[in-house]
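First up is the structure itself, then whatever we jot down about it.
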Amino acid sequence: MFEANPDQLSSAQVAKRIAKFRALRKLTQRHLAIELGYTSGNISHVESGKVSLSLMHLKKLATLLGIHPLELIAGLPPEACRLADHVSGLPAERRPIAVRLFGSAVEMADAAKHW
């Protein structure tokens, strides 16, 4: 199952993902700074891990980079992000069972790989 790995949630890892996705999109620090209302120096500090962004700014940044916020924040693959969106769309009382069923499905898929 997709679990939050504390190492993936660290601000240093988030900073690396910001720099990686910005470079992949061929965007400059200046472009991101303008879009977020920051200076280029602020973005440099974010990418070096010296400064962390608020969740609101991380969500906006993910949108600018064309990725899901969980991909940026937690390092989840796009498929897991889509699954999280589906589960979060369920009524609150149905979410725990959906998560347990998904966990069982992942365990069965893992077991099937080793047959």
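The values are calculated or read from the model by the stated rules, or taken from the named source; none is laboratory data. Just so we're clear, the structure is a prediction, and the values are computed from it rather than from any experiment. Glycine gets a Cβ as well: all are built from the backbone with ideal geometry, and neighbour counts include every protein chain shown.
Numerical summary
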| read-out | value |
| --- | --- |
| Residue identified as in a loop (DSSP other than H, G, I, E, B) and under 30 Å from GLU107 (Cα atoms) among GLY49, GLY75 | GLY75 |
| Qualifying residue in region 72-91 (condition: under 14 Å from the mean Cα position of the chain (by Cα), surrounded by fewer than 15 Cβ atoms within 10 Å (Cβ to Cβ) and modelled with pLDDT under 90) | no |
| Filtered residue count, region 13-27, keeping only those that are exposed (fewer than 13 other Cβ atoms within 10 Å of the Cβ) and either touching a residue at least 24 places away in the same chain (Cβ under 8 Å) or touching a helix residue (DSSP H, G or I) at 6+ places or on another chain (Cβ under 9 Å) (or both) | 1 |
| Criterion (modelled with pLDDT of 90 or more, assigned to a loop (DSSP other than H, G, I, E, B), over 11 Å from the mean Cα position of the chain (by Cα) and not β-branched (Val, Ile, Thr)) met by exactly one of LEU64, LEU27 | LEU27 |
| For ARG95: the one exception among (1) among the charged types (D, E, K, R); (2) within 17 Å of LEU24 (Cβ to Cβ); (3) outside the structural domain of GLN13 (by TED's automatic domain parsing) | (2) |
